Every structure is written in C-alpha cells, then in structure tokens.
Amino acid sequence: MKIINTACSRSVRDSLSKNNRQKPVFNPRFERLQIFSRILTLLMIFTLFLLPAKSRAAEKLDLNRASYDEIAALPVSEKIARELYERIEYQGYFTSIYQLRDIPGMDVGTFNKLKDLVKIVPVKSESKVQERIERIYYRLERWSSNEGINSDFIDLWIEKALEPIDINSIRYEDLVNLQNVSPVDAVAILNQRQITHWFRNERDLRYTPGLSNYAFRSVRYFVQYREENHTNWHGNVLLRMDNTPFMATEAEQSSQAQNLDLLQNRLTGVNQIPSVYSKARFTKGKHLEFGVAYIRTLGEPMHYALTKPFHFPKVKYNFIWKNLQWKDLVMRRLILGYYKVTLGQGVVMENTDFFTPRKSGYGFRKRFNGLSGDLSRTREFTLRGLAFELDYRNLRGIGFVSYDSRDAILNKDKYQGKASFNHFVVLDQRFPYTPGDSLRGPDNYDLSWLNAVKELTYGGHLQYTFTPGTFFGMSYYESAYDRYLDPNPYEIVGQDNSGNQNWDIRQVTADSEIKQAYGGAAARGSNPFWNKAISFRRVYGFNFQTVWRNIALQGEYGILDKSSSGFRFGAGPRALVASVYWQQENFNVLALYRDYALGFDNPYQRSFSNYRRYKGTIFEDYYYLQSPLYGQLYINNPQPQAEQGFYLNTYYQMLRQVTLRMEYDNWLRKSDRAKNYRLVGTVDYRPVYPLVIQLRQKWQAREPQNDLTPNRFYKNYEFRGRLRFRLSNYDAFDILYANSKLIVHPRPRVFGDMALDGEAIAANYSHNFNRNFRLSGMLAYYKGFFWNFEETQFVVMDSRRGALRFWLSVYSRLTSNLSVRLKYTADHHKPINNIRFEPWQSTLDANKGKMFAAPWNRSQEHNFYLELNYNF
C-alpha cells in the first residue's frame with residue numbers, strides 16, 4: 001500500500017521556473033472538505049437506496065422471536081415485559097394471541113393495545129440443538145467470523161453453546177474459559193452453588209452475589225440447569241477463502257521484496273492463488289471429538305503429506321476423548337494429533353504463532369487455560385503427538401509429548417558435517433528456499449528453511465487446588481533438536497555495497513537482545529529418549545492464583561535452564577508476571593507487573609508485553625539482512641520483548657449513559673534501557689438510547705535522554721471519534737474520524753525532525769432485510785497511517801498521498817444451519833505523475849512554453865473474502 005513519490009530533479013525544476021509557469025495553489029483543507037462532502041453525499045444516496053419503502057414501524061413484532069429490548073419497547077410496563085420474555089424463554093413459544101391474557105398483570109386495555117402491535121408466528125418443533133442454533137445464531141456467526149488467533153476459545157464456545165454443560169457440576173477451569181468470565185465471576189458461581197446446592201433456573205444464576213452482569217449475560221448461553229445425556233453428533237464446518245495481503249505492518253518489507261516475485265515463482269512454480277483455511281469439528285456425546293483443518297496462505301505452494309500412491313495435502317488433525325471417569329480419577333482430555341497447551345500466564349508454555357500485545361488474560365486479551373485440540377492457523381509452533389489432562393480430587397495434571405518439524409534459518413557453517421540452525425522463523429509463505437538468498441539455494445549450499453529442524457518436546461504441569469480459584473502449580477518442558485543451535489548474527493545480516501559487514505557497522509545497544517539469544521555451548525547436549533538429539537532447551541517454573549471476595553491475585557515465574565553440566569535449579573535467566581484484579585458491578589481495575597530477563601529466550605513464551613522480541617534491533621531493519629524476507633524474524637516473532645514495567649487497566653460506568661476506560665503502561669526495554677509510556681483514555685457517552693458517542697485518545701512516547709541508543713525519542717498522538725446510531729431491526733450506522741501524528745527526532749537514517757501525519761474519515765452502514773439476510777458496507781478516505789476493524793477483519797493501511805477505500809459485505813443464512821458471507825474490498829490511492837528526462841533529451845529547450853503529459857501511477861487493490869459456515 002506504500003507509494004513512492006518520485007520528485008523531479010533540480011535541473012527540471014530550474015527549467016520549469018525559467019518558463020514562468022504558474023503553479024496552482026494547493027489548499028489541503030479545501031481538498032479534505034471536498035472529499036468529505038462527496039462521501040456524505042454518497043452515504044445519503046446509499047442509505048436512501050437501502051431503506052425499505054414501507055416503514056418498519058408499521059410492521060407487527062413477531063413476539064416468539066423478539067428480544068427483550070424489543071418487547072420492552074412495547075407500550076407495557078417493565079414487569080409485563082419481563083413476564084412475556086420469561087414466558088417464551090422458560091415455557092415455550094406462544095401458539096395464540098389470546099395466550100397473552102394469561103400473563104400476570106395483563107389487563108384488557110393492555111391486551112387490546114398489543115393485539116395491534118404484535119403477531120404470533122408458529123415455530124415448528126425442532127431438536128434441542130436446532131432450537132439453540134435459532135436462539136443464538138447471531139453469536140455463532142460472530143464467533144465463527146472473528147475466530148482470529150483464539151480458535152481454542154471459539155471451538156469451546158460453539159461446542160458448549162450447542163450442547164450446554166450442567167451448571168450444577170461445572171468446574172472452575174470450564175467456567176473461567178467461557179466468554180467474559182473472570183476468576184472472580186467463576187468463584188462467585190461456585191461459592192453460590194456450594195451454599196444453595198444447585199441452581200434451578202436462570203433467575204437463580206442472575207442473583208448470584210459477586211457475579212458481574214457481563215459474565216451472567218455470557219454464561220447463560222453455555223449452561224443448562226439439569227443433567228442431559230447428549231448422544232447425537234454435532235459440530236461445525238468452516239471454509240474461508242480470501243486474497244487479502246499480509247498485515248500492513250509488513251508493507252515496507254513486502255515493497256522491498258516485490259522485485260523477488262519472479263524468483264519466488266521460479267522456485268515454487270505457482271501463481272498468486274487465494275489463501276484457504278478450512279476446518280471441520282465433530283462431537284459425539286460427551287466423550288468423543290475429532291477434527292481436521294487445512295491451511296494455505298496467499299500464493300503459497302501446495303505441501304503434501306503423501307505423494308505415493310496418490311497426493312494428499314498436509315492437514316492438521318486430532319482425536320479427543322473427554323470426561324472418562326474411574327472412581328475419583330477423571331480423564332478430562334486425551335488428545336492424539338495436534339493440540340495446544342497453555343500453562344499459567346504464558347511464561348513457560350503457550351504454543352501459538354501469533355503475538356498479541358498486552359495479553360493480560362482478562363477481557364479481550366483473555367487466555368485459554370489448559371489443554372485443547374489445535375485446528376488453528378498455527379503452523380510453526382505446533383505440538384503433534386499425545387497429550388492428556390487428569391483430575392484426582394484436588395490434583396490436576398497435564399502431560400504432553402510431541403515430535404514435529406520446525407521452519408528455521410540454517411547456518412552455512414557446519415558442525416560435525418551438519419549445518420546448525422540460527423533461529424526458528426514463522427513464515428507467511430512457506431517456500432522451500434529463501435527467495436533472494438542464492439547462497440542457501442539449491443545450486444549452492446542447498447539449505448532449505450522448510451521443516452529444517454526436527455524437535456522432540458515433552459513436559460507437564462501439576463497443580464493443587466486448595467479452594468475454588470486458589471491453587472499452586474509447577475510447570476516444565478524440554479525440547480531436543482537434531483541440529484546444533486547457533487544464533488550467529490553474521491549468518492543473517494548482509495554486507496553493504498563496499499563488502500563491509502552490516503553487523504559490525506550498524507550495531508546499536510538494542511542488538512544486545514540478539515546477542516543474548518539462547519544457543520551455543522549452553523545448548524549442546526543429548527537426550528535419553530532420542531539418540532539423534534544434539535542440542536536442547538529446558539524451561540521450568542511455577543504459577544499461583546487466589547481469589548478473595550472480589551479480588552483475584554495471580555502470577556507465574558519461569559527459568560530458562562543454562563546450567564553447563566546437568567540440571568541445577570535456578571541457573572539461568574528468569575521471567576516474572578504478577579497481577580491483581582479487583583471487580584465491582586460497575587467498576588474493575590487490573591494492575592500488572594512483568595520483568596523478563598534479556599536472556600530468557602523461550603520460543604513458547606506468550607506472556608504480557610507491549611512489543612514483540614527483537615523490536616529496535618537490526619532484524620527489524622530488513623534491508624540490512626541477507627534477504628529482506630529474513631525480516632520475518634521480527635515481523636512474525638510471537639515471543640514478547642524483554643521488558644520490565646507496570647500496567648494499569650480500569651473500567652468505570654459512572655452513569656448509565658457514561659462509561660470510562662483507561663490504560664496506562666510504563667515500561668523499560670531491557671536491551672537498551674529505553675523507557676516508554678503509553679496512555680489511552682476512552683469515553684462512551686449515550687445521551688439517548690440509539691446514539692453512542694465514543695472518544696478515544698492515545699499518547700505514547702519514549703524517553704528523550706538515553707545515551708545507550710541512537711533511537712533517541714519519538715511521540716505518538718492518536719485521536720478517534722465515533723458516532724454510533726443503533727437503528728431499528730438491529731441496523732446500525734457509524735461515522736468515524738481518526739487523526740494521528742508520529743514525531744521522530746534525529747537518528748542515523750533520518751535527517752532532521754520528522755512528523756508523520758495520519759487522518760481518516762469513514763462511515764459504516766449495516767442493514768438487516770430480515771433475520772437471515774444482511775448487507776453491510778463502509779466508505780472511507782484516509783491519508784497516512786490508519787487502522788480499522790472491518791466486520792470480520794482487522795486491517796492496517798498507509799497512504800502518503802491519500803486513498804479512497806470501500807467494502808461491501810453480504811451475509812445470508814441459506815438455511816438454519818448454513819450461512820455464507822461474501823465481502824469485496826477496494827482501495828484506490830491518489831495517482832502520482834512522475835516526469836523523468838534523460839540527460840541526452842532536449843525536449844524542454846525545443847518546446848518552450850508547452851505543457852508535457854506523463855503517465856499516472858495509481859496504486860489500486862481489489863480483495864475478496866468468502867466464508868461458508870455450517871453448524872449442526
């Protein structure tokens with residue numbers, strides 16, 4: 001998305017000035033006003049076109065399918081509205097309009113009013129699973145479409161929504177993994193159950209002391225109030241295709257590497273085909289589950305698990321046996337195939353390819369706890385093998401063993417006749433060889449980075465629970481490799497035009513994070529279970545949590561073992577995360593502290609941090625490397641940066657109409673001792689019910705005085721204002737204005753102060769023609785840096801000259817089980833008129849006073865997104 005603006009040479013400008021050509025006056029404010037007026041005109045036409053001819057106000061409300069808000073909008077008291085809603089919720093659908101007279105408090109006058117406003121449409125008898133699909137179809141659509149990196153949550157939520165678990169026997173671990181449920185909420189439910197012995201219905205759950213409203217509104221969709229035997233098959237099938245480019249944080253890297261496209265095609269023999277992600281999950285009753293997934297990114301070659309006697313693509317799969325009990329011993333999960341392990345706060349173990357900034361474990365940064373099947377888009381840090389989770393009274397144990405391949409950059413230097421490996425790397429496109437690095441190509445050293453290292457990983461977690469929500473656990477894992485681990489930066493960093501090594505010339509203090517990477521002599525060693533192992537990595541630690549009333553305290557401590565001879569406790573770099581969470585009905589606050597040693601190089605660490613590992617190092621400056629694609633060592637690195645800092649997050653609903661949110665983070669980057677802070681404040685104001693005004697301001701900066709790094713100082717200001725109109729029939733109309741400024745002070749590759757401005761205005765409209773068909777769209781103009789949530793996708797954009805972007809999405813439930821979503825996105829940048837004259841040309845001298853035409857360079861993008869989703 002980045003456009004290079006080529007300026008005229010000085011000689012051309014001098015020649016143009018001699019001709020006394022008058023240049024038009026450019027007024028940026030006038031230009032923005034024109035663009036804004038055009039956008040509003042298009043939005044008005046778009047809105048009028050979509051509005052139905054007949055007002056919805058004249059349509060009768062289908063009472064059997066109405067939400068509580070729709071019933072409360074009728075001319076009835078709040079008590080009658082609640083009685084109507086609970087009558088449908090607990091006793092079934094109405095079959096006649098005259099059944100309304102049986103509602104407590106219903107008089108003749110109210111009944112006569114309702115007769116003209118509501119209708120009773122019979123609902124055919126369906127299975128219980130089908131009824132749940134109809135009840136929460138909009139939630140299933142939202143979960144499936146926004147799966148992102150939390151596929152383990154999505155799988156659990158869909159499973160429990162279709163076959164709810166008995167709340168009178170649910171465990172703490174199951175509760176805390178549900179949407180919007182904090183440790184305080186989970187303990188409140190368990191304590192109330194211990195006092196009352198059981199929950200009879202949803203009303204009992206609602207009046208649980210200490211249970212937040214957000215948690216209650218979420219839990220009710222996943223639980224039932226009596227034990228039911230589930231014996232039928234159910235599950236979910238998803239197919240997703242798109243040609244959306246990789247995240248725009250890689251825009252510079254991609255633009256520098258665009259000259260390598262021809263080389264990539266020659267190495268792979270493929271065209272730019274769309275990315276494909278598909279998965280299918282099937283569950284039988286309470287004890288059996290299996291699934292399969294296929295992942296292929298944009299323009300990537302096909303990878304096969306079998307080529308003889310036929311070609312079969314490489315897929316992810318798992319078979320899961322659940323809830324197998326023998327007396328007090330319960331096998332919660334036994335998984336064969338691909339699985340995911342998350343222990344504590346992610347310091348010791350969480351295997352995913354994706355980095356999430358400020359992953360605190362609460363709210364939108366929730367972390368899955370325990371063991372689950374893995375059908376996500378993770379391809380590098382997968383665990384494939386056998387894993388189990390056991391419960392014996394107050395003891396909980398997790399064990400796992402995995403044998404799988406890892407993509408890695410191999411060194412050209414060899415040890416004992418075999419190439420060592422430098423770093424693991426998460427690849428966007430898994431090509432056999434590195435495009436642009438001919439020395440590692442098949443004609444020279446023949447060092448493929450695909451499946452370059454075999455890894456044997458095993459470990460476990462043992463936890464004792466004292467009371468609900470209060471426990472102490474110990475974690476351990478060890479990985480063995482069939483190659484030596486030698487993180488030599490000279491094997492990654494390239495040379496300048498004079499043949500000098502960039503690593504020796506460009507080194508800054510932040511590069512100490514590269515120097516502290518784990519490997520060398522400390523990693524050499526054998527393994528008793530695998531005779532091919534010649535290097536290893538060992539990490540262990542402990543975690544704890546306690547909940548007292550409405551306060552939760554939790555933390556994790558990890559150690560990377562670097563003892564030179566045998567195992568010695570405490571010998572190695574360490575990492576710590578500790579947090580306190582306080583929750584009230586309309587207020588909560590999270591305080592978190594983290595401290596990661598510079599040498600704590602754990603590839604499975606996914607704990608809280610602001611930046612990913614190698615931020616500010618030479619790995620971020622891809623143009624210094626032997627191939628621009630080696631920049632993925634930073635761009636796609638899921639490990640957190642070595643930081644020490646304090647984070648504060650608070651939410652406060654001061655009035656029914658006003659909600660305040662605040663984030664504050666102050667941290668020290670360990671590599672160069674640079675101090676950073678980040679402050680974000682958000683205000684939501686709802687003057688009337690359909691309208692919400694949201695204001696968000698961010699301040700972020702690095703300290704001005706730091707002699708250890710040339711990256712002296714920067715400031716980042718960002719403002720976002722949004723108007724949200726909630727219309728009838730769940731329609732919505734949003735207007736967004738965003739403005740940002742990044743100020744960078746002198747550093748080696750920037751001359752003088754530099755201010756990067758960003759500005760954007762956007763409008764979104766969503767119209768539900770009925771409960772089965774929706775049309776959504778957005779129209780936006782932006783200049784500079786701009787990020788946005790576009791229905792099912794999070795996108796980051798950048799345009800120096802300005803761009804017009806729009807998308808249109810159609811969602812339809814073809815049947816009660818099958819839905820389809822089709823989205824088209826277009827991005828049109830303002831053109832650049834590049835004029836170039838060669839030294840031997842005398843065009844200007846021969847044609848004085850005449851204007852010359854030149855071709856316009858316009859950058860355009862056209863992307864599509866297709867999704868099919870089937871729940872049964």
Note down the relative contact order for the stretch 328-401 as a percent, whole number, built from C-alpha pairs under 8 angstrom at least six residues apart.
43
Taking all protein chains as present, what is the carbon and sulfur share of the accessible area of the stretch 355-445, in % to the nearest whole number, probe 1.4 Å?
51
For the stretch 156-251, the percent of accessible surface on carbon and sulfur atoms (probe 1.4 angstrom, ligands and nucleic acids excluded) is 51
Could you calculate the contour length gain from K515 to T307, that is, 0.36 nm times the residue separation minus the distance between their Cα atoms, to one decimal place in nm?
70.7 nm
Projected label distance in nm at T546 and F319, using a 7 Å step from Cα toward the beta-carbon
4.5
Hey, quick one: spin label on R574, modelled 7 Å out along Cα-Cβ, who in the stretch 516-553 has an amide N within reach, i.e. under 18 Å?
538-545
If each of V121 and L648 carries a label point 7 Å out from its Cα toward its Cβ, how far apart are those two points in nm?
5.2
If the chain between K60 and F354 were fully stretched, how many nm would it gain, using 0.36 nm times the residue separation less the Cα-Cα distance?
101.1 nm
Given a Förster radius of 41 Å and the C-beta distance between S77 and Y221 as r, what FRET efficiency does 1/(1 + (r/R0)^6) yield to the nearest 0.05?
0.90
Rounded to two decimals, the Rg over Rh value of the stretch 577-668 from Cα coordinates and the Kirkwood Rh reads 1.14
Total formal charge among the other residues, if their Cβ is under 11 angstrom from that of M302, Lys/Arg +1 and Asp/Glu -1
+2
Give the residue list of chymotrypsin sites (Phe, Trp or Tyr not before Pro) in the stretch 288-372 that are DSSP loop and have at most 10 other beta-carbon atoms within 10 angstrom.
F310
So how exposed is W503, as accessible area in Å² (1.4 Å probe, rounded to 10)?
10
How much net charge surrounds S671 when only the other residues with a Cβ under 11 Å from the Cβ of S671 are counted, with Lys and Arg +1 and Asp and Glu -1?
+2
Stretched fully, the stretch from W582 through Q416 gains (0.36 nm per residue minus C-alpha distance, one decimal, in nm) 54.1 nm
Identify the trypsin sites (Lys or Arg not before Pro) of the stretch 626-694 meeting these criteria: DSSP loop state and at most 13 other C-beta atoms within 10 Å of the C-beta.
R656
Local net charge near L648, Cβ-Cβ under 12 Å (Lys/Arg +1, Asp/Glu -1)
+1
In order through the stretch 297-314: 3J(HN,Hα) via Karplus (6.51 cos²θ - 1.76 cosθ + 1.60), integer Hz, x for Gly, Pro
8, 4, x, 8, x, 6, 10, 10, 7, 9, 10, 9, x, 8, 8, 10, x, 6
Cα gyration tensor category, rounded, prolate or oblate, for the stretch 180-244 with a/c compared to 1.5:
oblate
Plugging the Cβ-Cβ distance of K284 and Q194 into 1/(1 + (r/R0)^6) at R0 = 45 Å yields, to the nearest 0.05, a FRET efficiency of 0.90
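The values are calculated or read from the model by the stated rules, or taken from the named source; none is laboratory data. None of these values were measured; they are calculated from a predicted model. Please note: Cβ atoms are built from the backbone with ideal geometry, for glycine as well, and neighbour counts cover all protein chains shown. Heavy atoms of the whole protein, side chains included, go into the accessibility calculation; ligands, DNA and RNA do not. Shrake-Rupley method; radii C 1.70, N 1.55, O 1.52, S 1.80 Å.
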